1. Could you tell me how many of the residues in segment 137-173 are aromatic (Phe, Trp, Tyr) and under 14 Å from the mean Cα position of the chain (by Cα)?
2. Out of all the residues in segment 267-283, is one or more of a type in the set (A, V, I, L, M, F, W, C), touching a Lys or Arg at 6+ places or on another chain (Cβ under 7 Å) and more than 26 Å from Leu55 (Cα to Cα)?
3. Can you confirm whether Gln270 is free of Cβ contacts under 8 Å to residues at least 24 places away in the same chain and not charged (D, E, K, R)?
4. I need a count of the residues in segment 155-181 that are closer than 21 Å to Leu137 by Cβ and among the aromatic types (Phe, Trp, Tyr).
5. Confirm whether His49 is assigned by TED's automatic domain parsing to the domain that holds Val326 and part of a loop (DSSP other than H, G, I, E, B).
6. For segment 15-27, how many residues are in contact with a strand residue (DSSP E or B) (Cβ under 8 Å, 6 or more places away or on another chain) and at pLDDT 95 or above?
7. Could you please find all residues in segment 96-151 being surrounded by fewer than 22 Cβ atoms within 10 Å (Cβ to Cβ), under 28 Å from Val24 (Cα atoms) and in contact with a Cys (Cβ under 9 Å, 6 or more places away or on another chain)?
8. Kindly indicate the residue of segment 84-95 that is in a loop (DSSP other than H, G, I, E, B) and hydrophobic (A, V, I, L, M, F, W, C) and also surrounded by the fewest Cβ atoms within 10 Å (Cβ to Cβ) among those meeting that condition.
Amino acid sequence: MKMRAWRVARPGPMASRPLEWAEVPVSRPAADEVLVKVLVCGVCRTDLHVAEGDLPVHRAGVIPGHEVVGEVVAAGGRVLGLAVGDRVGIAWLRETCGRCRYCLRGRENLCPESRYTGWDEDGGYAEFAVVPAAYALPLPDGYTDDELAPLLCAGLIGYHALERAQVPEGGRLGIYGFGGSAHLTAQVAIARGATVHVMTRSEEARKLALALGAASAVAAAEPPPEPLDSAILFAPAGELVPPALEALDRGGTLALAGIHLTDIPPLNYQRHLFQERQVRSVTANTRTEAREFLAFAGTHHLEVSTVPYPLDGADRALTDLAADRVNGAAVLRVS
């Protein structure tokens, strides 16, 4: 059985056309896996990093995509708890060892043997995808397929970044960059009682931020109107780290939410780090956090801004994302 899919044939800038539209065999699920018919797949900036070669190649010719909303169409013999017809989500974290000290401490996102959808194994820019059943996620009610897809990475990594940013109760949170992940994270923070200030270069994104309840929205390098207790950097721009640190109040925390970041300029200890300001990186998320966030989304409806593309337009979607022409989250409608 064959399916249509995009593969990363030659990693490089989108202008060099790194993706290849191809017909490939549908994988058979292993004993502990399910085969999923892809309905919608979100387009994430991490897919762009895989396509453009910002991340090293882990699987030659990989099919990108790790925000998959789909329906189980076959299950391996050892699969329990999932059946044909069930709707599931496939996210970035695909597999961990379950034995290392990180897994045993509940920090499986740091597992040295972790594997990732759309990087180590084929993902959702295709008509079908397989995933270990233990890593397929339940989906909340009250959302369309288009709206659900960005929750599965943009939402999850934003939720984890919010935890890493240690926003105090009623605190002031700064968000740098306002794309697919940030526009969801802002809503979670506001629902929890935080005051959110947005710094982003896109005028359309600033309008969206204000519409979603942000207290202010200014250009990327401009200071917020008040000192911040916490900040999250979503833009993959290392040059924004110094102004973000300068915007922090005493004891503030900056979380770096991307998997890739350009070089950070030299920091001045007194201006950027003194008075117990700290910088924390973000690495994937655990399945426990994923279920927590999806349960939160089920009880606190999030406004998900999406821009749809057909599956055969995935290269155009990534090109638009690279040029900051997507206001919200791009999604591929597959089935």
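1. Here is the first cut: in segment 137-173, the residues aromatic (Phe, Trp, Tyr) are 143, 159.
Next cut, under 14 Å from the mean Cα position of the chain (by Cα) only: 159.
Summing the residues that are aromatic (Phe, Trp, Tyr) and under 14 Å from the mean Cα position of the chain (by Cα) in segment 137-173 gives 1.
2. So in segment 267-283, the residues of a type in the set (A, V, I, L, M, F, W, C) come out as 267, 273-274, 279, 282.
This time we only want the ones that are touching a Lys or Arg at 6+ places or on another chain (Cβ under 7 Å), so: 282.
Adding the requirement that they be more than 26 Å from Leu55 (Cα to Cα) leaves none.
No, segment 267-283 contains no residue that is of a type in the set (A, V, I, L, M, F, W, C), touching a Lys or Arg at 6+ places or on another chain (Cβ under 7 Å) and more than 26 Å from Leu55 (Cα to Cα).
3. Working: free of Cβ contacts under 8 Å to residues at least 24 places away in the same chain: yes; not charged (D, E, K, R): yes.
Considered against the rule, which asks whether it is free of Cβ contacts under 8 Å to residues at least 24 places away in the same chain and not charged (D, E, K, R), Gln270 comes out as yes.
4. 1
5. Working: assigned by TED's automatic domain parsing to the domain that holds Val326: yes; part of a loop (DSSP other than H, G, I, E, B): no.
In short, no.
6. Narrowing segment 15-27 to residues in contact with a strand residue (DSSP E or B) (Cβ under 8 Å, 6 or more places away or on another chain): 18-27.
So of that shortlist, the ones also at pLDDT 95 or above come out as 18-26.
Total meeting the criteria: 9.
7. Glu113, Ser114
8. My answer is Val84.
The values are calculated or read from the model by the stated rules, or taken from the named source; none is laboratory data. Please read all numbers here as calculations on a predicted model, not as lab measurements. Cβ coordinates were reconstructed from backbone atoms using ideal geometry, including for glycine residues, and neighbour counts include every protein chain displayed.
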